[in-house]
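Please read the structure below before turning to the comments.
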Amino acid sequence: MIRHIVKSEQGQTAVEYLLLIVVGVSLGLTFMKKMDEYVIKNPNGMIGGPIKSFEKKINQDPTGRYRTFPLNTPL
């Protein structure tokens with residue numbers, strides 16, 4: 001007796017949805033990682049550049065009247 005496997009369209013649809021979710025999540029994570037490298041961790045990026053210039057302005061008091069403290073930046 002050979003049993004015939006009944007193909008289920010619901011099972012195929014569930015697998016397709018899972019594959020779409022996996023592909024979407026992996027693309028999103030890759031995009032976020034690249035944006036983090038270009039925007040935040042890059043010293044000339046949109047966020048890294050202004051933080052560096054702000055550190056220079058804060059730490060260059062020639063009169064010595066103000067104490068300077070290093071900024072803890074993620075760079």
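Just so you know, all these numbers are worked out from the coordinates, no wet-lab data involved. Keep in mind that this is a model prediction, so the values were computed, not measured. As a convention, Cβ positions derive from the backbone with ideal geometry for all residues, glycine included, and neighbour counts pool all protein chains shown.
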What order do you get for ILE47, ILE21 when you list them from fewest to most C-beta neighbours inside 10 Å? ILE21, ILE47
Karplus (6.51, -1.76, 1.60) ³J(HN,Hα), θ = phi - 60°, over segment 23-28, in Hz, Gly and Pro reported as x: 5, x, 5, 5, 5, x
Cβ-based exposure ranking for TYR38, TYR17, in which fewest neighbours within 10 Å come first: TYR17, TYR38
